[in-house]
Amino acid sequence: MKLSLTLSHQPSKLSPFHPNSDHLIGASRNFQIPFYLRRSMSGKSPGLVQKTYQNIVAKKKSAIEGVSEEMNLIASQNKDFAPSRRLIRSAFVDTQQQLDHVLFKMAPNGIRTEEWYEINSRGLEIFCKSWLPEPGVRIKGALCFCHGYGDTCTFFFEGIAKRIAAFGYAVYAMDYPGFGLSEGLHGYIPSFDELVDYVIEHYTKIKGRPELRGLPRFILGQSMGGAVTLKVHLKQPREWDGVILVAPMCKIAKDVIPPEPVLKLSTLLSKVIPKAKLLPQKDLAELVFREPRKRKMAVYNVISYSDRMRVRTAVELLKATSDIEMQVEKVSSPLLVLHGAADKLTDPLVSKFLYEKASSKDKTLKLYEEGYHGILEGEPDDRIFTVINDIVSWLDSRCSLK
């Protein structure tokens with residue numbers, strides 16, 4: 001069931017997030033407390049409200065340079081649940097689009113975008129988005145996107161989707177439950193197979209859209225989204241005209257797998273305290289973005305999950321990659337695998353392993369020299385365009401056969 005056709009990106013004149021709003025009300029003026037914080041702590045003593053405000057301001061490590069103190073307050077809210085993530089995104093969407101990044105600066109004009117929420121079979125609101133070519137341009141095919149761990153489809157992928165759409169493709173994306181703007185506990189994957197089933201559920205509806213009738217349909221997965229994509233394909237081996245994987249997470253390197261006692265303890269804890277944030281999480285920006293200037297923009301992905309990994313999530317990711325590794329020979333779809341040769345998050349040798357073992361008769365592997373994990377967003381501009389053009393060229397050649 002579709003809940004809404006379009007989300008407004010413009011803050012209301014009465015919004016507490018509007019930069020010109022009179023957000024300091026009554027006695028709160030003495031503390032300079034934003035209205036949204038005062039409202040959320042209604043009934044609390046002024047001293048407690050002020051202390052909460054001061055504690056938030058004190059979080060210098062998470063401060064985003066170049067935005068106001070109020071915007072930093074908004075970004076520092078607890079993101080465990082979807083309503084706060086949606087408020088944060090609403091406040092930052094215009095700022096994100098103005099970043100000095102080629103994906104935003106050189107985004108094609110005229111692309112038709114739509115945002116909406118749908119209720120999935122579990123009763124969760126799932127955020128969905130589409131990018132279609134400008135009116136009058138023939139649609140060649142559909143491309144459905146699966147995002148990476150902790151990520152969303154509303155930041156860098158916006159620019160990627162627009163460029164692909166400009167070449168004549170209808171691009172569709174969703175945020176998994178617990179990620180981005182979709183409902184669910186932030187960063188929590190209680191079952192990887194269920195997550196995959198939700199993706200299949202949504203994209204089955206997408207493939208039935210009138211504008212896609214008779215057209216080839218492809219699926220693209222990045223990083224953890226590569227594991228999602230492979231599992232989707234393994235469950236639906238004849239439902240896709242091609243699979244594209246970008247730096248896919250499809251096999252855990254032996255030197256990364258925890259010792260057996262740690263694995264057993266993690267499995268036990270995942271049953272007892274599954275939502276606990278216990279696994280260490282470091283800033284991965286240096287491993288994702290090769291270009292330092294682009295690396296600094298990672299903090300603007302304000303609704304990404306960057307906290308410690310939840311216990312059940314970690315166990316589910318290990319199980320998923322193990323399952324994929326055991327079935328890799330069953331990968332039979334036309335396959336394009338793209339990977340940065342210097343990626344230290346997902347091993348390019350694993351992509352080579354996948355390429356060699358897959359039973360696909362039509363398969364291509366491209367390794368990009370010196371490329372880091374984020375070859376679609378963290379590389380020099382010319383490399384980003386090269387990777388996107390490689391995807392489009394591969395799509396074009398498969399669509400011409402239909």
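Count of segment 266-285 residues, restricted to those that are among the small types (Gly, Ala, Ser), at pLDDT 90 or above and either at positive phi or outside any loop (DSSP other than H, G, I, E, B) (or both), is 2.
Looking across segment 56-65 at every residue that is under 17 Å from Ala285 (Cβ atoms) and surrounded by 11 or more Cβ atoms within 10 Å (Cβ to Cβ), the one that is modelled with the lowest pLDDT is identified as Ser62.
Summed over segment 327-356, the residues that are assigned to a loop (DSSP other than H, G, I, E, B), of a type outside the set (Gly, Ala, Ser) and surrounded by fewer than 18 Cβ atoms within 10 Å (Cβ to Cβ) give a count of 2. Filtered by the rule that a residue be out of contact with any Ser or Thr (no Cβ under 8 Å at 6 or more places or on another chain), more than 18 Å from Ile219 (Cβ to Cβ) and of a type outside the set (Asp, Glu), segment 322-358 gives Ser322, Met326, Gly340, Ala341, Ala342, Lys344, Pro348, Leu349, Val350, Lys352, Phe353, Lys357.
Asn78 - would you say it is under 21 Å from the mean Cα position of the chain (by Cα), part of a loop (DSSP other than H, G, I, E, B) and surrounded by fewer than 19 Cβ atoms within 10 Å (Cβ to Cβ)? Taking the combined requirement at face value, the residue satisfies it. Would a scan of segment 288-303 turn up a residue that is touching a residue at least 24 places away in the same chain (Cβ under 8 Å) and touching a Pro at 6+ places or on another chain (Cβ under 7 Å)? Yes: one or more hits. Across segment 100-112, the number of residues qualifying as surrounded by 15 or more Cβ atoms within 10 Å (Cβ to Cβ) and either in contact with a Lys or Arg (Cβ under 8 Å, 6 or more places away or on another chain) or free of Cβ contacts under 8 Å to residues at least 24 places away in the same chain (or both) comes to 5. Here Ala253 does not qualify as modelled with pLDDT of 95 or more, in contact with a helix residue (DSSP H, G or I) (Cβ under 8 Å, 6 or more places away or on another chain) and in the same structural domain as Asp151 (by TED's automatic domain parsing). For segment 354-402, the set of residues classified as closer than 23 Å to Gly214 by Cα and hydrophobic (A, V, I, L, M, F, W, C) consists of Ile391, Val392, Trp394, Leu395, Cys399, Leu401, listed by residue number. Of all residues assigned to segment 190-212, at least one qualifies as being assigned to a loop (DSSP other than H, G, I, E, B), under 30 Å from Ser270 (Cα atoms), at pLDDT 95 or above and not small (Gly, Ala, Ser). Only one of Gly123, Gly168, Gly136 is modelled with pLDDT of 95 or more and either more than 30 Å from Lys275 (Cβ to Cβ) or in contact with a helix residue (DSSP H, G or I) (Cβ under 6 Å, 6 or more places away or on another chain) (or both); which? The conditions single out Gly168. Of all residues in segment 308-320, one or more are touching a Phe, Trp or Tyr at 6+ places or on another chain (Cβ under 8 Å), surrounded by fewer than 17 Cβ atoms within 10 Å (Cβ to Cβ) and in a helix (DSSP H, G or I).
Within segment 286-332, the set of residues being at pLDDT 95 or above and of a type in the set (Asp, Glu) comprises Glu291, Glu316, Asp323, Glu329.
Looking at the structure I just gave you, is Ser359 loosely packed, with under 15 Cβ neighbours inside 10 Å, over 24 Å from the mean Cα position of the chain (by Cα), within 21 Å of Glu239 (Cβ to Cβ) and of a type outside the set (D, E, K, R)? Criteria met by Ser359.
The values are calculated or read from the model by the stated rules, or taken from the named source; none is laboratory data. Computed from a prediction, not measured in an experiment: that's the story for all the values here. No Cβ is skipped: glycine too gets one built from the backbone with ideal geometry, and neighbour counts run over all protein chains shown.
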